[in-house]
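Visitor: Structure incoming, see below.
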Amino acid sequence: MTLAQANPAAKAPVSSVQVVVGPESEPGQPSSARCPEGMGAINGGFQATTFTRSGGGDPYDGVTVNAPFKDGKGWSAMLMTGKVIARAVCVPEAQAPQAVVGPVSEEAGLSVARCPEGTKAIAGGYVRETWYKNGYGESLDDIIVNAPNDSGTGWAAKQFHGKTVARALCS
């Protein structure tokens with residue numbers, strides 16, 4: 001079915017979907033939103049509550065983690081220096097996708113979390129292994145790829161300078 005053929009009246013069942021909000025992190029520390037027992041994440045994200053700025057007001061923080069847990073049962077987020085709140089969208093475990101983790105990339109290289117045969121990536125994210133900063137602690141790095149690969153059989157992540165690890169939720 002192409003997008004143009006989608007039935008606008010069809011609705012996904014939401015009665016069993018639960019959004020979990022993690023605690024606000026300490027500066028530069030992770031926030032984790034863990035799904036309740038018997039549930040797994042189908043997606044997630046974050047809200048920055050503080051984002052460090054330079055003396056001139058320009059942002060120089062960076063989102064260093066925005067990814068499902070390795071076991072697929074929640075979502076984690078972290079800023080380089082600011083505070084963040086992670087959120088996870090959880091469904092019953094029987095409906096939850098399988099989590100996979102890619103290899104650590106080379107410097108400025110691509111990491112791909114490959115889905116098992118017969119499945120496709122429905123969500124994903126990244127965890128930084130290294131993150132470059134200048135002498136003032138300002139970010140000199142950024143995530144430049146955070147998306148499904150072209151075939152949809154995995155999730156790709158890449159940093160401008162550093163090393164990263166892709167994570168995918170596959171169904």
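The values are calculated or read from the model by the stated rules, or taken from the named source; none is laboratory data. What you are looking at is a predicted structure, and each value in this text was computed from that prediction instead of being measured. Every residue, glycine among them, receives a Cβ derived from its backbone with ideal geometry; neighbour counts consider all protein chains shown. The protein model used for the area step is the full one, side chains on, heavy atoms only, and it has no ligands, DNA or RNA in it. Shrake-Rupley method; radii C 1.70, N 1.55, O 1.52, S 1.80 Å.
Visitor: Pairs only if they're at least six apart or on different chains, beta carbon under 8 angstrom, first in the range 110-129 and under 18 Å from PHE46 (Cβ atoms) and assigned to a strand (DSSP E or B), second acidic (Asp, Glu) and open to solvent by less than 30 Å² (accessible area, probe 1.4 Å); list them, first residue then second.
Guide: ARG128/ASP141
Visitor: If I ask for residues that are in contact with a Cys (Cβ under 7 Å, 6 or more places away or on another chain) and either open to solvent by 10 Å² or more (accessible area, probe 1.4 Å) or aliphatic (A, V, I, L, M) (or both), which ones from the range 80-121 would you list?
Guide: Quick first cut of the range 80-121, residues in contact with a Cys (Cβ under 7 Å, 6 or more places away or on another chain) only: 88, 90, 97-98, 100, 115-116, 119-121.
Passing the criteria: ALA88, PRO97, GLN98, VAL100, CYS115, PRO116, THR119, LYS120, ALA121.
Visitor: Please go through the range 18-51 and give me each residue that is β-branched (Val, Ile, Thr) and within 19 Å of GLY124 (Cβ to Cβ), ordered by number.
Guide: Restricting attention to the range 18-51, the residues satisfying the condition of being β-branched (Val, Ile, Thr) are 19-21, 42, 49-50.
Matches in the range 18-51: VAL19, VAL20, ILE42.
Visitor: I'm checking my understanding of the structure. Among residues of the range 145-164 that are open to solvent by 10 Å² or more (accessible area, probe 1.4 Å) and of a type in the set (Val, Ile, Thr), which one is farthest from VAL91 (Cα to Cα)?
Guide: The qualifying residue farthest from VAL91 (Cα to Cα) is VAL145.
Visitor: Return the total of residues in the range 26-49 being without any contact (Cβ under 8 Å) to a residue 24 or more places away in the chain and outside any loop (DSSP other than H, G, I, E, B).
Guide: Qualifying residue count, the range 26-49: 0.
Visitor: Checking the structure you have, find out if any residue of the range 123-132 is within 22 Å of GLY22 (Cα to Cα) and among the polar types (S, T, N, Q).
Guide: No, the conditions are met nowhere in the range 123-132.
Visitor: Return the only residue of ALA48, ALA77 being closer than 24 Å to TRP155 by Cβ and crowded, with 19+ Cβ neighbours inside 10 Å.
Guide: After applying the criteria, what remains is ALA77.
Visitor: Right, something else. Taking the range 57-73 as the region of interest, how many residues are within 30 Å of CYS115 (Cα to Cα) and either open to solvent by 20 Å² or more (accessible area, probe 1.4 Å) or assigned to a loop (DSSP other than H, G, I, E, B) (or both)?
Guide: 8
Visitor: Mind listing just one residue for me: the one in the range 123-144 that is surrounded by fewer than 17 Cβ atoms within 10 Å (Cβ to Cβ) and among the aliphatic types (A, V, I, L, M) and, of those, modelled with the lowest pLDDT?
Guide: The extreme case among them is LEU140.
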